[in-house]
1. With an 8 Å Cα cut-off and a minimum separation of 6 or more residues, compute the relative contact order for the chain in percent.
2. Considering the options LEU200, VAL13, PHE108, tell which one lies farthest towards the positive end of the dipole of the chain, charges being +1 on Lys and Arg and -1 on Asp and Glu at the Cβ, about the Cα centre.
3. About its Cα centre, how strong a charge dipole does the chain have in debye, to the nearest 20, once Lys and Arg get +1 and Asp and Glu get -1 at the Cβ?
4. Hey, with R₀ at 30 Å, roughly what FRET efficiency would TRP68 and TYR179 work out to, going by the Cβ-Cβ distance, to 0.05?
5. If Rh is defined by the Kirkwood formula over all Cα pairs and Rg also comes from Cα, what ratio Rg/Rh do you get for the range 1-112?
6. Is the range 99-166 best put as rounded, prolate or oblate by its Cα gyration tensor, with a ≥ b ≥ c the root eigenvalues, rounded for a/c under 1.5, and otherwise prolate when a/b is larger than b/c, oblate when not?
7. Given only helices, namely DSSP H runs of n ≥ 4 each adding -39500 (n - 2.57), what is the per-residue ellipticity at 222 nm of the chain, to the nearest 500 deg cm²/dmol?
8. With 10 angstrom as the radius, rank GLU117, GLU156 by how many other C-beta atoms surround their C-beta, starting from the fewest.
Amino acid sequence: MHPFLLTFQLASVTTLLLLPTGLAIAYWLTYGRSRWRPVVEVVVTLPLVLPPTVLGFYLLLAFSPESWFGGWLLRTFDVRLLFSFPGLVIGSWLYSLPFMVQPLRSGFEQLPRSLREAAWVLGKSPWQTFRKVLLPNLRPALLTACVLTFAHTVGEFGVVLMIGGNIPGVSRVASIAIYDEVESLNYSLAHQYSLILLLLSVAVLLVVYLINGRQKIVR
């Protein structure tokens, strides 16, 4: 499988998995009153400041068949996460979590509190309020979160290298392919890969800024 095809597949699966979990976490962080909220905030935000190789190292230890978790998965379900696509998805899910949660949380916080209160007065359940009242008004934040998560997953390197290595068709994503071509002194192909990622990054930023700009104009 071509590195870019594998990259877009990983980014798509990660974004789809993060969307419902990101919505749930962002909603809870916005409206929840648990004393554990600061702890969850720290855990969710940690990948923004934690070097990806650190996260990748601990996932490498956790996924290893010699660890209790990796060994249990292998014995019970015959599942090996290390150097596999499912393992990359889990690592990407953790590493891209704040890029999904933070825009969604910001979107929830910008919604008027009266929206929920009016829905409750009209007899809507919490689930109906979320699905029919809050979610439709969250579209700009949803789009921003999905775009940022997808782009961030496309560009990740450290986590993928630590838990996936450089296996063609399994873990050789675009960022790894660039590093591999540079090591091989194949600068021409490395330049092609890098240019594609550069153009993708520019397009992502333009989309995000356009969404935010339109949202400000509407307000």
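1. Working: 241 pairs, mean separation 64.7, N = 219.
Relative contact order here is 30 percent.
2. Positive-most Cα among the choices belongs to PHE108.
3. Values: 16 positive and 9 negative charges, 268 e Å.
With only Lys, Arg, Asp and Glu charged at Cβ, the dipole is about 1280 debye.
4. Numbers: r = 32 Å, r/R0 = 1.07.
The calculated FRET efficiency here is 0.40.
5. Numbers: Rg = 16.1 Å, Rh = 15.6 Å.
Result: Rg/Rh = 1.03.
6. Details: a/c = 4.19, a/b = 3.14, b/c = 1.34.
It comes out prolate by the Cα gyration axes.
7. Numbers: 12 runs with 168 residues, N = 219.
Theoretical 222 nm ellipticity from helices: -24500 deg cm²/dmol.
8. Details: GLU117 11, GLU156 24.
So the ranking, lowest neighbour count to highest, is GLU117, GLU156.
Read the figures in this text as sums done on the coordinates, not as results from a lab. Since this is a predicted model, take the numbers as computed values, not measurements. Using ideal geometry, Cβ is built from the backbone for each residue, glycine included, and neighbour counts are taken over all protein chains shown.
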